[in-house]
Each structure stands twice: as structure tokens, then as C-alpha cells.
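Here's the structure, in C-alpha cells; my notes come after.
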Amino acid sequence: MKRFLITGGAGFIGSAVVRHLIAETPHQVLVVDKLTYAGNLDNLKPVENSSRYAFLQADIGNLAAMREAFASFRPDIVMHLAAESHVDRSIDGPGAFIQTNVVGTFVLLQVALDHWRALPQDEKISFRFHHVSTDEVFGSLGAEGLFSETTPYQPTSPYSASKAASDHLVRAWHHTYGLPVVLSNCSNNYGPYHFPEKLIPLVILNALEGKELPVYGDGGQVRDWLHVEDHARALCLIAATGRPGESYNVGGNAERTNLDVVRAICGLVDRQAPDVAIGSREKLIRFVADRPGHDRRYAIDASKIARELGWSPRESFESGLEKTVCWYLANPDWWGRIRSGLYRGERLGLA
């Protein structure tokens with residue numbers, strides 16, 4: 001049994017990791033989350049009664065709070081997922097991204113380093129700090145090629161720049177101080193409990209409600225899509241067995257244009273929730289002004305994690321998307337509370 005401290009564990013990807021750890025392992029979990037707009041304790045309801053789960057509401061940028069969390073819980077593994085993550089919001093307000101993603105990561109690294117240095121030798125050897133990042137730090141690809149672990153960084157949005165900075169900090173704390181870290185960079189996630197500002201959940205809910213389906217530019221931007229539960233399995237594997245100082249790219253091998261994704265959702269919603277008054281959901285598609293500085297294509301080479309750690313995605317894009325649509329259809333209470341006030345689907349990131 002290990003003690004996992006998971007920052008951002010009430011968010012989309014973090015909560016998937018927590019649910020996986022509680023359901024599939026004997027480990028103890030402490031979630032540390034500030035509960036900003038995208039942090040939601042409803043995401044953790046499936047595990048809230050487990051004796052191996054605990055929750056602490058705190059800001060990773062709060063040095064005293066992080067020291068207390070580490071001192072009381074004494075983690076064996078830190079999985080750092082707390083981050084501001086929406087590109088459009090980073091365009092509107094980059095300051096929050098610098099504060100959480102850069103300064104917050106710095107604070108966490110300092111506390112983790114002090115904690116690690118004080119551990120007995122056997123515990124020092126097994127301790128890991130796992131930093132979870134994004135493929136957006138690599139910039140935009142042309143029509144060919146894939147991002148690998150050695151691809152040079154070229155972030156183009158305030159969000160990706162803040163994540164690139166945090167990646168560099170983590171590597172520096174490993175090389176300078178010896179902190180045993182592992183890093184991972186993932187492609188676009190989708191699945192249950194996804195806050196509906198992102199493309200897939202926003203389009204699902206708008207399609208259900210008969211609202212316009214906004215597609216940026218010509219819809220030809222390409223992303224590699226990864227089901228969040230496949231990602232959660234990969235992250236736990238990296239944290240437990242990844243080599244210190246190494247990074248691992250995690251992708252779904254599922255490149256699709258944004259327009260293809262929207263059309264696929266329309267077809268699934270039409271089949272799963274037909275509505276005579278709305279008719280074909282594809283008629284709701286509207287092309288809107290593109291996001292400023294919108295990267296054209298991301299795609300992940302995930303051969304390293306397959307070769308070294310034995311991970312591969314279980315979900316195809318088709319199977320994962322159908323499960324995702326069905327989950328939103330079955331859980332209107334979860335997204336209804338968000339749509340009723342916290343976020344109604346308005347356009348963000350117009351600069």
C-alpha cells in the first residue's frame with residue numbers, strides 16, 4: 001500500500017485517477033484541491049465513502065498549507081494535476097495560469113523536496129513526484145509527424161507557456177536537487193465528468209438542448225483524442241513504475257479534425273436522444289471566428305510508454321465517444337448544476 005497525494009483531484013483528469021486508485025488498488029489517497037470553478041466534489045462521489053480516501057481544500061500556492069498536508073499525510077507518491085487548463089480562459093486572463101501552473105508548481109516542488117530529504121533512505125528511493133502536463137507545450141505540427149518525448153518545446157498560448165514553464169521547473173528540481181520526478185504529456189482527454197467548456201462536452205450538451213454547435217474557423221484543426229480512464233491508468237503506471245527523470249507521452253492514437261468530432265457527436269446524440277422538434281443535430285453546426293493563435297494539429301507518439309511500461313489505450317475513439325455521450329445522457333443532475341449557473345456555454349477567449 002502506498003500513500004498518494006493528488007493535487008487537482010477534484011478536476012476532470014484528477015478525479016478519474018482517484019476513482020481508479022480507490023477502485024482498482026489498495027492505496028490510500030489524499031486529494032488536495034482548491035475547488036475553483038472546474039473542481040467539483042460531485043466528481044468524487046463514487047469514492048467519498050471509502051476509508052482510503054481523504055480530501056483537503058487548499059491552494060497549492062499556499063506554502064503553509066502544503067507543508068501541513070505533506071507533514072500529516074506523509075505521501076509516498078505525489079501526482080501533480082492541479083492546473084488552470086482551458087486555453088480560451090488563458091487568453092482572457094493569463095494571470096491565474098501563471099499563478100497556479102508556475103508559482104503553484106514551484107511551491108509544491110519546494111515542499112516535496114523538503115519532505116523527500118527528510119525521508120529514511122528506503123523511502124527516499126521509492127518516492128516519486130509525478131508532474132502531469134500536456135502535448136500543447138510542443139506547439140503546432142504540420143500535416144505529418146508526431147510529438148515525441150524529445151520534441152523541442154514551442155508553446156503558443158498563455159496556457160501552454162505556463163505548462164512548459166512548470167515542466168522545466170520539475171526537470172530542474174530533478175537535475176539540480178536530485179528530486180525523483182517523472183513527467184507525462186498527454187493529448188486531448190474526453191470522457192465522464194468533463195467540465196462543459198471543452199469541445200466534446202459542450203457539443204454534447206448543446207446538441208441535447210438544440211442549441212448552436214460552434215466550430216472554430218473551418219473545423220480542420222486536428223487533435224489526438226484520449227479517453228480519460230485510459231489516461232488515468234497510464235498516469236498511475238507512470239507514477240508507480242516510471243524511471244526517475246524520464247518523461248512519457250500518453251496519446252489515444254485517435255487523430256480527428258474538430259469538425260469530424262462534432263459530426264460524430266451529432267450522429268450519436270441523434271441516435272441516443274432523438275428529438276423531432278430539433279431534427280438532425282448537424283443542422284446546428286455554426287462556424288465561428290477562430291481562436292486567436294489556434295494551433296493547427298497535435299498528435300502524440302506513445303510508443304515509449306507502450307514499449308517501456310506496457311500501456312496502450314483500451315478505448316477506440318468510437319467506443320469512448322459513445323460511452324461519453326451515454327454518460328452525459330444518464331447524468332443530467334451532474335451537468336445540470338453547472339449549466340444552471342456556473343457555466344452556460346458562452347464563448348470564451350476572443351482576446
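In this structure, is residue 199 more than 18 Å from the chain's Cα centre (by Cα) and either modelled with pLDDT of 95 or more or farther than 30 Å from residue 173 by Cα (or both)?
no
Test of understanding: among 275, 290, which residue is under 21 Å from residue 154 (Cβ atoms), over 18 Å from the mean Cα position of the chain (by Cα), exposed (fewer than 15 other Cβ atoms within 10 Å of the Cβ) and not small (Gly, Ala, Ser)?
Of 275, 290, the one residue that is under 21 Å from residue 154 (Cβ atoms), over 18 Å from the mean Cα position of the chain (by Cα), exposed (fewer than 15 other Cβ atoms within 10 Å of the Cβ) and not small (Gly, Ala, Ser) is 290.
Considering only segment 24-69, state which residues are assigned to a helix (DSSP H, G or I), closer than 20 Å to residue 235 by Cα and in contact with a Phe, Trp or Tyr (Cβ under 8 Å, 6 or more places away or on another chain).
Passing the criteria: 43, 44, 47.
Among residues belonging to segment 76-104 that are in a loop (DSSP other than H, G, I, E, B) and within 18 Å of the chain's Cα centre (by Cα), point out the one that is surrounded by the fewest Cβ atoms within 10 Å (Cβ to Cβ).
Step one: filter segment 76-104 for residues in a loop (DSSP other than H, G, I, E, B), giving 76, 81-86, 93.
Then drop every residue that is not within 18 Å of the chain's Cα centre (by Cα), which leaves 81-86.
Numbers: 81: 26, 82: 29, 83: 26, 84: 24, 85: 25, 86: 18.
Taking the candidates together, the pick is 86.
Specify the residue that is surrounded by the most Cβ atoms within 10 Å (Cβ to Cβ); the eligible residues are those in segment 13-57 that are of a type in the set (D, E, K, R) and within 25 Å of residue 99 (Cα to Cα).
Among residues in segment 13-57 that are of a type in the set (D, E, K, R) and within 25 Å of residue 99 (Cα to Cα), the one surrounded by the most Cβ atoms within 10 Å (Cβ to Cβ) is 33.
Does residue 150 qualify as being under 23 Å from the mean Cα position of the chain (by Cα) and within 26 Å of residue 4 (Cα to Cα)? Reasoning before the result, please.
Working: under 23 Å from the mean Cα position of the chain (by Cα): yes; within 26 Å of residue 4 (Cα to Cα): no.
Judged against the criteria, residue 150 is not a match.
Read through the list (1) surrounded by 19 or more Cβ atoms within 10 Å (Cβ to Cβ); (2) within 30 Å of residue 210 (Cα to Cα); (3) out of contact with any strand residue (DSSP E or B) (no Cβ under 6 Å at 6 or more places or on another chain), then give the number of the only condition that residue 284 fails.
Tallying (1) surrounded by 19 or more Cβ atoms within 10 Å (Cβ to Cβ); (2) within 30 Å of residue 210 (Cα to Cα); (3) out of contact with any strand residue (DSSP E or B) (no Cβ under 6 Å at 6 or more places or on another chain), residue 284 fails exactly one: (3).
Could you list, ordered by first residue, the pairs with Cβ atoms under 9 Å in which the first is in segment 122-136 and among the aliphatic types (A, V, I, L, M) and the second is crowded, with 23+ Cβ neighbours inside 10 Å and part of a strand (DSSP E or B), at least 6 apart or interchain?
Sorted first by the residue in segment 122-136, then by its partner, the pairs are 132/79; 132/80; 132/183; 132/184; 132/185; 132/186.
Conditions tested, residue by residue: (1) of a type in the set (Phe, Trp, Tyr); (2) in contact (Cβ under 8 Å) with a residue 40 or more places away in the chain.
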site	(1), (2)
8	no, yes
12	yes, yes
18	no, no
44	no, no
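Show me the helices (runs of 4 or more DSSP H) entirely contained within segment 138-257 in which 1 or more residues are in contact with a strand residue (DSSP E or B) (Cβ under 7 Å, 6 or more places away or on another chain) and closer than 22 Å to residue 106 by Cα.
Hits in segment 138-257: 158-177, 228-241.
Is there a residue in segment 254-270 that is within 25 Å of residue 150 (Cβ to Cβ) and either within 19 Å of the chain's Cα centre (by Cα) or aliphatic (A, V, I, L, M) (or both)?
Looking through segment 254-270, at least one residue is within 25 Å of residue 150 (Cβ to Cβ) and either within 19 Å of the chain's Cα centre (by Cα) or aliphatic (A, V, I, L, M) (or both).
Look through segment 297-325, keep the residues that are in contact with a helix residue (DSSP H, G or I) (Cβ under 7 Å, 6 or more places away or on another chain) and assigned to a helix (DSSP H, G or I), and return whichever of them is surrounded by the fewest Cβ atoms within 10 Å (Cβ to Cβ).
Out of the qualifying residues, it is 309.
The values are calculated or read from the model by the stated rules, or taken from the named source; none is laboratory data. This is a predicted model, so every value here is computed, not measured. Neighbour counts run over all protein chains shown; Cβ positions are idealised from the backbone, glycine included.
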